[in-house]
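Below is one structure, written out as structure tokens; comments come after it.
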Amino acid sequence: MLDEIGAGSADSTARLGWTGLVRFLHLAPRAFLPMRAMEQLVLVAGQGIEGDRYMIGREEGYYSHKPEEGRQVTLFELETLIALKRDAGIELGPEEHRRNVTVEGVPLNHLVGRRFWLGETLLEATRLSIPCRHIEEITGKAIFDPLINRSGLNCRILQGGIVRVGDTVRNAA
Amino acid sequence: MSVRPITTIKTVVAGIEGAGAGIKVFTLADPDRWALPPFKPGAHIDLHLPNGLVRTYSLCNEPADNSRYVIAVKREADGRGGSRALHDEVGIGDVIGVSLPRGGLEPGADIARHVFVAGGIGVTPFLSMARHLLQIGNADFVLHLIVREEVPLAAHLAPLMEAGRVVVHRTSCAGRPDLASLVGEVGVQTMVACCGPEGMTEEFEGVTAAWPAANVHIERFVAPPPVIDPDAKPFVLSLARTGTEIPVRAGQTMLAALQEGGIDVSTSCCGGICGACKVGWIEGKPVHRDRVLSPYERERFLMICVAGSDADRLVLDL
Ligand code: FES
């Protein structure tokens, strides 16, 4: 049925349209370490983010024992942080969700399987991120449940480059 | 590539200095001097020593100083081996895995006065606390330090000494001080805390028995066992394919028990929602706490990251 109405096709997503912004960029070189805010990140096609724990070949992340091509860069919605505060009274900062890129105005959950531009880089969304108990241990905040189904997006880097705070995010369909 | 999950923070030994009275101070830092996970005053960390021992030490530096974990270790010749390994075997540049910091006290807003009572090396949990109070300009605190003769960690105590916050009691000349008089009158706005040898903490417990529990803090050298759900019971996991038996302690997850037993299991969320750790079960009474399996699936499968057991034995298809 969904196929018949063309739901979620590249065509419909492009037609309905959205553009968003890169609001925060973060990385950490090793598991458990605090994420550091950056003005820009260097994305390497097929590899990951320079200096980040999940960069292929570096393997210093909490999940590095389970290599995954589609986790080269991870995104998170600023709107989720706002909703956590509004609906659950939880103050979570963009450095605490442990994804690399915090975007605004980008419907991450709609993008699985699609390509989009993050500044000058081209990404392909591979799957939704799932929350992890480990984040409660690191942040000391009970955020596992509230993050179910809005825990961000895992992506593969098709075309590398430099991503800066303030860059535009847009559909590549 | 590492196959085992990374479960500790990687640090390198960036400094070792003698601090008197058989004590060495170790400074641990990130290999690239990245900030380390934050901690509260008086918090402690586990060190995973190169020889396989895991030992807990109080952090001595201030929480604001987030690029280092500083611990002070007294060499106990007849101890359980942790301090000897650190003193005799660990050198600058060695890699040591540490846990996330735990515990510690956030100075409460309604607490006006702090009294710390420390015996010898028991001063370590109060160093970060007292320096934190000094730094935030808290007016009213005192650290009673009971030593035989030599003051441990003199250099680290210096700023507190200069500020007139330390009272040293030397038992070699004055005998043991009366803890009751050090602690003083019960006060709801006073927080009293003690760390020292067993005899001292017991005496302290006695003299503060009438105090509100929230105003008394006792730090023991041997970390108390973790708080576990009083209803949790230990059980045994029996792995049908290999015949291995793995004990699960009360309150421990099956996942942790299997990992401890060297069994590789795949996991991801560790919270019962992703399905990565699904395993078949054959016999027993599993307690399902996941949010992914249907009632039908639960008759055959369970999620080892969250499931428990209602019977003494649970047989898994592993
Ligand atoms: S690890 Fe996700 S359900 Fe167990």
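See the values below:
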{"item": "Estimated distance in nm for a label pair at A:N109 and A:E59, the labels positioned 7 Å out from Cα along Cα-to-Cβ", "result": "3.5 nm"}
{"item": "Debye equation applied to the C-alpha atoms of region B:235-316, log10 I(q)/I(0) at 0.11 Å⁻¹", "result": "-0.23"}
{"item": "Beta bridge orientation in region B:197-318: antiparallel %, DSSP, nearest 5", "result": "75 percent"}
{"item": "Per-selection Kirkwood Rh - the protein assembly as shown (Cα, Å, 1 d.p.)", "result": "25.6 Å"}
{"item": "Gyration tensor over alpha-carbon atoms, region B:1-86, equivalent ellipsoid semi-axes in Å", "result": "21, 18, 12"}
{"item": "Efficiency of FRET between B:T244 and A:T168 - r from beta-carbon atoms, R0 60 angstrom, step 0.05", "result": "0.60"}
{"item": "Radius of gyration, Dmax [region B:155-312; alpha carbons; angstrom]", "result": "24.9, 74"}
{"item": "Where labels lie 7 Å past Cα in the beta-carbon direction, separation of A:A88 and B:S67 in nm", "result": "3.4 nm"}
{"item": "Stokes-Einstein D (µm²/s) once Rh is taken as the Kirkwood radius of chain A over alpha-carbon pairs, at 25 °C in 0.890 mPa s", "result": "151 µm²/s"}
{"item": "Where labels lie 7 Å past Cα in the beta-carbon direction, separation of A:V44 and B:R220 in nm", "result": "5.0 nm"}
{"item": "Surface accessible to a 1.4 Å probe, per residue, for the residues of the protein assembly as shown, Å²", "result": "46 Å²"}
{"item": "Within the protein assembly as shown, helix-based [θ] at 222 nm, where runs of 4 or more DSSP H residues each add -39,500 (n - 2.57), nearest 500", "result": "-4500 deg cm²/dmol"}
{"item": "16 Å Cα-Cα reach of A:K141 towards lysines, excluding residues that sit fewer than 8 places from it in its own chain", "result": "A:K85, B:K40"}
{"item": "Whole-Å distance, taken between Cα centres, linking region B:203-220 and region B:1-79", "result": "28 Å"}
{"item": "Filtered trypsin sites (Lys or Arg not before Pro), region B:79-137: DSSP coil and at most 16 other beta carbons within 10 Å", "result": "B:R80"}
{"item": "Coil-residue GluC sites (Glu not before Pro) of region B:166-267, DSSP, other Cβ within 10 Å capped at 10", "result": "B:E185"}
{"item": "Intensity falloff of chain B expressed as log10 I(q)/I(0), Debye formula with alpha-carbon point scatterers, at q = 0.07, 0.09, 0.15 Å⁻¹", "result": "-0.37, -0.60, -1.16"}
{"item": "At R0 = 60 Å, FRET efficiency that the Cβ-Cβ distance of B:I136 and A:E69 yields, to 0.05", "result": "0.80"}
{"item": "Highest-MSF residue in chain B out of B:I263, B:I71, B:I111 [GNM, Cα springs under 10 Å]", "result": "B:I263"}
{"item": "Peptide A:26-34 - average C-beta neighbours from other chains (10 Å radius)", "result": "5"}
{"item": "Theoretical FRET efficiency, 1/(1+(r/R0)^6), r = Cβ-Cβ of B:V315 and A:K141, R0 45 Å, to 0.05", "result": "0.75"}
{"item": "Partner aspartates and glutamates for B:K278 [C-alpha distance under 12 Å; skip if fewer than 8 residues away on the same chain]", "result": "B:D290, B:E297, B:D317"}
{"item": "Per-residue SASA entry for B:L127, accessible area with 1.4 Å probe, Å² rounded to 10", "result": "0 Å²"}
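The values are calculated or read from the model by the stated rules, or taken from the named source; none is laboratory data. These numbers were taken from a predicted model, which means no experiment stands behind them. Reconstructed Cβ throughout: ideal geometry from the backbone, glycine too, with neighbour counts over all protein chains shown. Heavy atoms of the whole protein, side chains included, go into the accessibility calculation; ligands, DNA and RNA do not. Shrake-Rupley method; radii C 1.70, N 1.55, O 1.52, S 1.80 Å.
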